[in-house]
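J.: Below: one structure in structure tokens.
The values are calculated or read from the model by the stated rules, or taken from the named source; none is laboratory data. What you see is a predicted model, and the numbers here were worked out from it, not measured in a lab. Every residue, glycine among them, receives a Cβ derived from its backbone with ideal geometry; neighbour counts consider all protein chains shown. Quick note on the areas: whole protein, heavy atoms, side chains included, nothing else; ligands and nucleic acids left out. Shrake-Rupley method; radii C 1.70, N 1.55, O 1.52, S 1.80 Å.
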Amino acid sequence: MITPAFDLSQDPEYLILNIRVPYTRTSEFDLYIDGTDLKFYAKPYFLRLSLPGKIVEDGRERAKFDIDKGLFIVWVPKETPGEHFEGLQMLTSLLAPKGSRSAKPLIEVLSTESSKSTGNDEDEDEEEFDWSFEQEMFQESSEEKQKYGFGNKRTGVFARLQEEISDVTDVKNPEDTTAAERRQSRLHAEACDFSPDHYLADFFEDDEIQRLLKYKPWWAKLKPSKEPEGEASISFMDIEKEQLRKFNNRSYLLDKISRNQVWTGLVDILLAYSYEVRSTEGEHNVESPWTVRKLSGTLCWLETYKSLQEVLLSFGRRVLCYPLYRHFAMVSAAISDTALLLSLGKTCVLKCLLDIHKVFRENDPAYILNDLYITDYCIWIQKVKSKRMTALAEILQNASLHKKDLDLELEELEDAAKMVMEEEFNKQGTLESSLVAHSDSRSCSSDCSSKSADDSNDSEAEGQGCNKSNQGGELSKDNPLQPQPTSTVSPDPKVPQTLLFSAERKSDTLPSSSEDSRQLIQELGIRVADELKITQESSYKTLQNSSQLNNSAEKTDETSGRSSCGTFLEIDPCRNPLLVIQMKEDLDG
């Protein structure tokens, strides 16, 4: 028999059943209604449903068949008009046969004989017990080390999948590793993989992260429904309905500890899914299976948690160690998204789990995680009570997580980075101030240089006047009979007056009768003045060098002052002829 595709809806009076049965005869079908059971048969299709409320066969029922679409629609009246049937979208749970909603999971039933025993087993064990056995210290058995999966009930799976272990889980040897060893290894790996540089880069350059924080996931756009469990605001796609029909309905035997681990594991998986949806803005990519698996300690390290706070700590650490966007604000946003997701009821959670199942199903190694966790979660969530979901959502909304709780020294890193940035900013400000001061000094130096150049031009003009005076002396030398004006002022201000005065005094002391000797002395005085050369060129080069080296203002002023005061005199090493004449005159006298 083939189970047909179907879905259920309701109104206050009727339960509406849509059954797709292509290639069947419309004249050959049977419909059976009895309380909460509904059976439909149309060869080769057979459908049996266990409904959450009672229906009746009182003549108001009716049916319609669309030949073109192969769709069979049945309206079945409710026993109590106005009653709301919960969980009509949980197709897997509706497929359960009557009486199968017990606490005994199919995988836990070992044998029928053991289930029928009433107490004789203890007597048999006492009779067979050997009191003389050798005693040994208690050691944790290998069976305890091998437990993982949904409800921590699976074992031996990775023993057959040695090649896929590294692509599915970070635990090197899942079959021989205890839960405590897995947790210790996880914490050590997170401490080694945490990158302070990556974290600080996302902390200070967070433009892209701020944009992602404004994104709203698809469930944030849903409006709360007035009907229970929010079923009216959420609908499944055809591919999701098909997947629900493919699931084999199971029942799970969970004790208090296992049940708590299942709930905490569910929150851990939904946190990773919420982060992935926000980071990709709802568009899954090739990295989506890796992101969900890596951020969930349940999936990546086969971790089991004892409290909700442990889940939040693990998720926060892994967000700051592995994905592309490592920002604490992304952790807080994912927690808020997950709390809202849980508050919308199990239908919304089931839709998210189906999306995760699809993502893993399309990835080659990750499909193993569907067998270990996601498929069981999709079946189990359909049977939980809505009040448990609401209570869990309230606890998650009130939960608090701070940076210091993650034990990654985030606050110390941020403070140190801010101090470094302030120092760099201060250095940059000091550098800018020095550049401005240097620019001002250069402008001042250029002003001083221009002033020195003006002074040197004045000195050059004076040197030209001196040259003209020398030319006049040469003319007098060419015409020795023409008398030269005698003056106490030096013809050239650059020539020392003492030398000229000495020559004139000597000429006055000579006898007046010797006119030729007087003219000879005058010519000798003019030659002495010619021998005293003015080094104007040397002074000009000194001024150029001072301007090019950008000396300080004081040095420039000193150089320009020295240039403006006068020129350097280079004394010819030849002996002064006046002294010789003077010595000769003295000897004659």
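J.: Out of every Cα-Cα pair in the stretch 148-282, what percent are more than 24 Å apart?
T.: 57 percent
J.: By per-residue mean of other Cβ atoms within 10 Å, what is the highest-first order of 304-313, 290-299?
T.: Top of the packing list down: 290-299, 304-313.
J.: Another question, then. Please list, ordered by chain and number, the residues whose modelled amide H lies under 5 Å from the amide H of residue 35; skip anything fewer than 5 residues away on the same chain.
T.: Under 5 Å from the amide H of residue 35: 55.
J.: Another question, then. Based on the Cβ-Cβ distance of residue 391 and residue 13, what FRET efficiency does E = 1/(1 + (r/R0)^6) give at R0 = 35 Å, to the nearest 0.05?
T.: After rounding to 0.05, the efficiency reads 0.60.
J.: Could you give me the ³J(HN,Hα) list for the stretch 168-175, computed from phi with Karplus coefficients 6.51, -1.76, 1.60 and θ = phi - 60°, whole Hz, x at Gly and Pro?
T.: Along the stretch 168-175, the couplings run 10, 9, 8, 6, 5, 9, x, 6 Hz.
J.: OK, next. Report the calculated FRET efficiency for residue 402 and residue 161 (r = Cβ-Cβ distance, R0 = 45 Å), to the nearest 0.05.
T.: Step by step, r from the Cβ atoms, then E = 0.70.
J.: Starting from 0.36 nm per residue, how many nanometres of slack lie between residue 23 and residue 371 once their C-alpha separation is accounted for?
T.: Separation in residues times 0.36 nm, less the Cα-Cα distance, equals 121.9 nm.
J.: What Rg and what Dmax come out for the stretch 274-394 when only alpha-carbon atoms are used, in angstroms?
T.: Using the Cα atoms of the stretch 274-394, the pair Rg, Dmax is 13.9, 37 Å.
J.: Something else about it: Once you have the Kirkwood Rh of the stretch 365-437 from its Cα pairs, apply Stokes-Einstein at 25 °C and 0.890 mPa s and quote D in µm²/s.
T.: Here the translational diffusion coefficient equals 135 µm²/s.
J.: Related question: Nearest 0.05, what FRET efficiency do residue 255 and residue 193 give at R0 = 35 Å with Cβ-Cβ as r?
T.: After rounding, the FRET efficiency stands at 0.50.
J.: Compactness ratio of the stretch 237-282: Cα Rg over 2.2 N^0.38 Å, N = residue count?
T.: The value comes to 1.57.
J.: Cβ neighbours within 10 Å, averaged per peptide: list 418-427, 277-286 in order, most packed at the top.
T.: 277-286, 418-427
J.: Return the carbon/sulfur percentage of the accessible area of the stretch 262-350, one whole number, probe 1.4 Å, all protein chains in place.
T.: That share works out to 57 percent.
J.: Can I ask one more? Show me, for the stretch 199-216, the HN-Hα J-couplings you get by feeding each phi into the Karplus relation (A = 6.51, B = -1.76, C = 1.60, θ = phi - 60°), rounded to Hz, glycine and proline as x.
T.: So the J values, rounded to whole Hz, are 5, 5, 5, 6, 6, 8, 10, 10, 4, 5, 5, 4, 5, 5, 5, 7, 6, 10.
J.: Between residue 178 and residue 43, what is the label-point separation in nm under the 7 Å Cα-to-beta-carbon projection?
T.: Distance between the two pseudo-spin positions: 6.2 nm.
J.: Which value in nm describes the separation of the simple spin-label points at residue 65 and residue 286, placed 7 Å from the Cα toward the beta carbon?
T.: Going by the 7 Å Cα→Cβ label model, 5.0 nm.
J.: Let me ask something else about it. Any chance you could run the full-extension gain for residue 3 through residue 75? It's 0.36 nm times the residue separation minus the Cα-Cα distance, nm to one decimal.
T.: 24.0 nm
J.: So which of 306/404; 223/387; 54/358; 214/306; 69/358 end up more than 24 Å apart by C-alpha?
T.: 54/358; 214/306; 69/358
J.: Right, here's the next one. For the stretch 1-61, which chymotrypsin sites (Phe, Trp or Tyr not before Pro) pass both filters: DSSP loop (anything but H, G, I, E, B) and at most 15 other C-beta atoms within 10 Å?
T.: For chymotrypsin sites (Phe, Trp or Tyr not before Pro) across the stretch 1-61 that sit outside H, G, I, E and B with at most 15 neighbouring Cβ atoms in 10 Å, the list reads 23.
J.: Can you tell me how much longer the chain between residue 412 and residue 307 gets when fully stretched, taken as 0.36 nm per residue apart minus their C-alpha distance, in nm with one decimal?
T.: 35.0 nm
J.: Excluding ligands, DNA and RNA, what is the solvent-accessible area per residue of the stretch 276-389 at a probe of 1.4 Å, expressed in Å²?
T.: 30 Å²
J.: Next up: Spelling out what I want: for every residue of the stretch 402-414, take phi, set θ = phi - 60°, compute 6.51 cos²θ - 1.76 cosθ + 1.60 (Karplus), and round to whole Hz; glycine and proline get x.
T.: Computed from phi, the couplings for the stretch 402-414 are 10, 4, 5, 6, 7, 6, 10, 6, 5, 5, 5, 5, 5 Hz.
J.: Further question on the same structure: May I ask you to order 340-353, 149-162 by the average number of other C-beta atoms within 10 Å around their residues, highest value first?
T.: Going by the mean number of other Cβ atoms within 10 Å, highest first, we get 340-353, 149-162.
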